[in-house]
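Scroll down for the structure; my scribbles are underneath it.
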Protein chains: 2
Amino acid sequence: MSQKLFVSAQEVAEKAGVSRSAVSRTFTSGASVSPKTRQKVLDAAEALGYHVNHLARGLMRNESGIVCLIVSEIGTPYRSALLRALTQQLQNSGKIAMLINTDRSDGSVDLALTQAIRYRADASIILSGLPDKSITDLCLKNGQRLVLINRDDDREGPLKINLDDVEAAARIATAFVRAGCRKLAFANSQAGTPSLMAREHGFVAAAKALGMDVMVERFGHTGYESGRVVAQQLLTRKERPDAVFCATDLLACGFMDAARHQFSLSVPDQICVAGFDDIEQASWTSYGLTTFAQPVDMIAREAVSWLVAETEPENHTVRLHADLVWRTSIRGG
Amino acid sequence: MSQKLFVSAQEVAEKAGVSRSAVSRTFTSGASVSPKTRQKVLDAAEALGYHVNHLARGLMRNESGIVCLIVSEIGTPYRSALLRALTQQLQNSGKIAMLINTDRSDGSVDLALTQAIRYRADASIILSGLPDKSITDLCLKNGQRLVLINRDDDREGPLKINLDDVEAAARIATAFVRAGCRKLAFANSQAGTPSLMAREHGFVAAAKALGMDVMVERFGHTGYESGRVVAQQLLTRKERPDAVFCATDLLACGFMDAARHQFSLSVPDQICVAGFDDIEQASWTSYGLTTFAQPVDMIAREAVSWLVAETEPENHTVRLHADLVWRTSIRGG
DNA sequence: GCAGCATTTGCACACGCTTGCAAAAAGCGG
DNA sequence: CCGCTTTTTGCAAGCGTGTGCAAATGCTGC
């Protein structure tokens, strides 16, 4: 193995004819170096191809610059959009993202957080699943910050970013009624995550307040295929719904496709559909889905600005607003 | 700041009544520790919440366990699917993924690779863009391995994974002809990446071999919207094509939507469409797109197994086959 | 040139870990 | 019980960096 090894500050120092501390200070912002030596160091570094070893720096400073993103279903439109926004923001703030995929088993969130601890990540952002209390405590005890996005947990310490799911559900219920719909339904997956359930319960409650019942159907994972299955279940009922609120856009897309191509229903004339997330596909002409936009950029900004704050801010929970994006899957407007 | 600091091997050693080396060896596979002390150490570690500091370990071993993924357009279906597969494989091999988003400017690939070097990543996988020769050399000189996916570069050193784009293009050309199409077109973006151009040139060449010309139209980025615009350009021509091969599925989806809803054309009766990537949406009922499947899992497996190989393998280029997934956007079959 | 001050520089230690080496302990056959 | 071999253990030297401290240097005004 010719493993030439990386060039170290020592070698740069020798080449530049200064002490090792000088080169260290050159690459430490806010350190005291004369412009002359600074230039000598920079030249030598350039010539040798020197790059500060962030592992060693992290070791010394006790601050690695790493932020762990703990995600499942990375391939999904909403998740990947959020991922994009988060990495962007992190990089803007001089942090770097470590990506942990928790698709495998459950409890893998704990495993992921363990990895985060091993690499001394400054913080972790959890986009899916919910870690064990013990692990959470371990993170916090070690000064590692934690962000939970759409997880709706009520423990103290982490920053919790959520949307106004129930209000959104209520808004869409009145929209349905205003469109003349009478037989409401809710399409959900069996994932049972807090935000999905909030939308469901919010919708049912709002409908009840308006004097109507809601047919609820749940199936499988939160994806396109499940939307089709739920359509099967809802549209073969004796009393067919004329408006369906789907817990996510993926479900809604599956639902619409089944409704149109399998049951030959026209959207929105015969049945109104709404979704949640505002994934890119919702805006595609084939769907034109009326839906609620997850403010991914805002979420990312909130999360990262909290992470990098010098002093730990007091407010540990943020509730963001999901805008209603009106397209063509509901009559009127 | 109550920054309790992480618990160190030293503290574990004291609590367990053994030397610091003992605890280190306990967490190093293949080291010599008696079962008795091993257990004492594990108990103490558990009690104190100890986790090996991978920064320090990486520093010593000169092997961080980090692999950098350099990606743009993370939110895109194909990219995020590949990302999912790669993180999965990396974790299976005991590595961890660092994610760098290069959406911002160009030249940011070089910046990304610099970050990779700073964190002493064992390897980098580049899914988009192409780094400077100088940076590439720097990586290789320092024993950092490099993988280029669908970048079609011809420099020595990195592993290059590509698909048989031109063969695929030829296959689809004959499929179009077999379906009775006479006026072929190719829809592309202006990105001009090697794989996109390979598909275009392969298609044009194959058509020529079959005795026909191809109308080529390019526009903007490689996304849904561009597909719509290209449809506009192609379908308003005097001689309207009756078969279109789109460089990616996203373009194809945009194209189909415009063709159907704006030009009231029926797919595949009046116009045949094919794509490339086999993103999830291609299988959605609204599209039923006939397309070529990127073997993302295979790509990930090839990349990672090459990265973790003890001895650097000799074969530095891999050409994988893209299966044709037949759906309903081409007549016959 | 010199006292007085601000700035720069080098030394040396610390960070948490791995690992070669030699000493200590354990096992074993007689 | 002893001499031998094998395993386990502790010591200490690193890995590449940041930083407090004291010495050295540069600068200013007389």
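Mind pulling up the Rg/Rh value for region A:9-52? Radius of gyration and Kirkwood radius, both on Cα.
Looking at region A:9-52, the ratio lands at 0.90.
5 Å is the cut-off here: which amide hydrogens, built 1.01 Å from N in the peptide plane, fall below it relative to residue A:215, excluding neighbours closer than 5 in sequence?
Sorted by chain and number, the residues that satisfy this are A:184, A:185, A:186.
List the aspartates and glutamates whose alpha-carbon lies under 16 Å from that of residue B:183, not counting same-chain residues fewer than 8 positions away?
Once the sequence-local aspartates and glutamates are set aside, what remains near residue B:183 is B:200, B:213, B:217, B:239, B:242, B:269.
Give, rounded to the nearest 20 debye, the magnitude of the charge dipole that region A:180-286 has about its Cα centre when Lys and Arg contribute +1 at Cβ and Asp and Glu contribute -1 at Cβ.
With Lys and Arg at +1 and Asp and Glu at -1, about 440 debye.
Just to confirm the numbers: residue B:46, label point 7 angstrom along the Cα-Cβ line, distances to the other copies in nm, shortest first?
Distances to the matching label points in the other copies: 5.7 nm.
If you filter region A:293-333 for GluC sites (Glu not before Pro), then keep DSSP loop positions with at most 15 other Cβ within 10 Å, what is left?
When the GluC sites (Glu not before Pro) of region A:293-333 are filtered for loop state and at most 15 Cβ neighbours within 10 Å, A:310, A:314 remain.
Using protein chains only (no ligands, no nucleic acids) and a 1.4 Å probe, work out which residues of region A:88-135 have their accessible area cut by at least 50 Å² relative to the chain alone.
A:88, A:91, A:96, A:98, A:99, A:101, A:104, A:118, A:119, A:120
Between residue A:46 and residue A:19, what is 0.36 nm times their sequence separation minus the Cα-Cα distance? Round to one decimal in nm.
That pair, residue A:46 and residue A:19, stretches by 8.0 nm at full extension.
Counting only protein heavy atoms, what percent of the accessible surface of chain A is carbon or sulfur at a 1.4 Å probe?
The nonpolar share, carbon plus sulfur, comes to 49 percent.
Which of B:261, A:91, A:309 sits closest to the plus end of the dipole of the protein assembly as shown, meaning its Cα is farthest towards the positive end, when Lys and Arg get +1 and Asp and Glu get -1 on the C-beta?
In the protein assembly as shown, that residue is A:309.
For region B:203-326, calculate the relative contact order in percent as a whole number, restricting contacts to Cα pairs under 8 Å that are 6 or more residues apart.
Here the relative contact order equals 18 percent.
Label position 7 Å from Cα toward Cβ: report the copy-to-copy distances for residue A:208 in nm, one decimal, ordered from shortest.
7.1
Compute the Cα gyration tensor for region B:165-295, then decide on rounded, prolate or oblate, letting a ≥ b ≥ c be the square roots of its eigenvalues: rounded whenever a/c is under 1.5, prolate when a/b is larger than b/c in the other cases, and oblate in all that remain.
It comes out rounded by the Cα gyration axes.
Based on the Cβ-Cβ distance from residue A:238 to residue B:270, what FRET efficiency comes out when R0 is 51 Å, to the nearest 0.05?
The computed FRET efficiency comes out at 0.80.
Beyond 44 Å, what share of the Cα-Cα pairs of the protein assembly as shown is found? Please give it as a whole percent.
In whole percent, the share of Cα-Cα pairs in the protein assembly as shown beyond 44 Å is 30.
Under 8 Å for C-alpha pairs, at least 6 residues apart: give me the relative contact order for region B:90-249, rounded to a whole percent.
18
For residue A:229, what accessible surface area do you get with a 1.4 Å probe? Give it in Å², rounded to 10.
40
Please list, ordered by chain and number, the residues whose modelled amide H lies under 5 Å from the amide H of residue A:99; skip anything fewer than 5 residues away on the same chain.
For residue A:99, whose amide H was placed from the backbone, the distant partners under 5 Å are A:69, B:97, B:98, B:99.
Please list 3J(HN,Hα) in residue order for region A:238-244, calculated via the Karplus relation 6.51 cos²θ - 1.76 cosθ + 1.60 where θ = phi - 60°; whole Hz, with x for glycine and proline.
Working through the residues one at a time gives 4, 9, 6, x, 10, 7, 10 Hz.
At 7 Å along Cα-to-Cβ for each site, give me the label-to-label distance between residue B:61 and residue B:323 in nm.
3.6
Would you tell me the accessible area of residue A:216, worked out with a 1.4 angstrom probe on the heavy atoms of the protein chains, in Å² to the nearest 10?
Counting only protein heavy atoms, residue A:216 exposes about 40 Å² to solvent.
Which value, in debye to the nearest 20, describes the size of the charge dipole of region A:1-79 about its Cα centre when Lys and Arg Cβ atoms bear +1, Asp and Glu Cβ atoms bear -1, and nothing else is charged?
Approximately 240 debye in magnitude.
Give the residues of region B:266-304 whose amide nitrogen is closer than 14 Å to a point set 7 Å from the Cα of residue B:92 in the direction of its Cβ.
Only B:296-304 pass the distance filter.
Any idea of the total accessible area buried by the B-A contact, 1.4 Å probe, rounded to 100 Å²?
Using a 1.4 Å probe on protein heavy atoms, the buried area is about 6200 Å².
Compute the FRET efficiency between residue A:31 and residue B:312 as 1/(1 + (r/R0)^6), taking r as their Cβ-Cβ distance and R0 = 25 Å, and round to the nearest 0.05.
The calculated FRET efficiency here is 0.05.
Residue B:326: accessible area at probe 1.4 Å, nearest 10 Å²?
100
For each pair in A:133/B:95; B:133/B:160; B:15/B:36; B:15/B:40, compute the distance between the two Cα atoms and list the pairs where it is over 20 Å.
Over 20 Å Cα-Cα: A:133/B:95.
Set the Förster radius R0 to 41 Å, insert the Cβ-Cβ distance between residue B:182 and residue A:262 as r into 1/(1 + (r/R0)^6), and round the FRET efficiency to 0.05.
Efficiency for this residue pair is about 0.75.
Percent antiparallel among DSSP beta bridges with both residues in chain B, to the nearest 5?
If I count the DSSP bridges inside chain B, around 10 percent turn out antiparallel.
If I take all pairs of Cα atoms in region B:30-124, what percentage of them are more than 16 Å from each other?
More than 16 Å apart: 67 percent of the Cα pairs in region B:30-124.
Contact order normalised by length for chain A, with contacts defined as Cα pairs under 8 Å and 6 or more residues apart; what percent is it?
For chain A, the relative contact order is 14 percent.
Residue A:164 label points, 7 Å along Cα→Cβ, one per copy: pairwise distances from this copy to the rest in nm, shortest first?
Here residue A:164 shows inter-copy label distances of 5.7 nm.
About the Cα centre of region B:9-52, how large is the charge dipole given +1 on each Lys and Arg Cβ and -1 on each Asp and Glu Cβ? Please answer in debye to the nearest 20.
180
For chain B, state the average projected area of the convex hull of the C-alpha atoms over all orientations, rounded to one decimal in nm².
Taking a quarter of the hull surface, the average projection is 22.1 nm².
State in Å² the accessible area per residue of region B:9-52; use a 1.4 Å probe, count heavy atoms of protein chains only, and round to the nearest integer.
Accessible area per residue: 60 Å².
Pull up the DSSP beta bridges for the protein assembly as shown and report the antiparallel fraction as a percent, rounded to 5.
So the antiparallel bridges in the protein assembly as shown amount to around 10 percent.
Solvent-accessible area per residue for region A:230-333 at a 1.4 Å probe radius, Å²?
40
The values are calculated or read from the model by the stated rules, or taken from the named source; none is laboratory data. Treat the numbers as computed from the prediction; the structure is a model and nothing was measured. Glycine gets a Cβ as well: all are built from the backbone with ideal geometry, and neighbour counts include every protein chain shown. Calculation scope for accessible area: heavy atoms of the full protein, side chains included, ligands and nucleic acids excluded. Shrake-Rupley method; radii C 1.70, N 1.55, O 1.52, S 1.80 Å.
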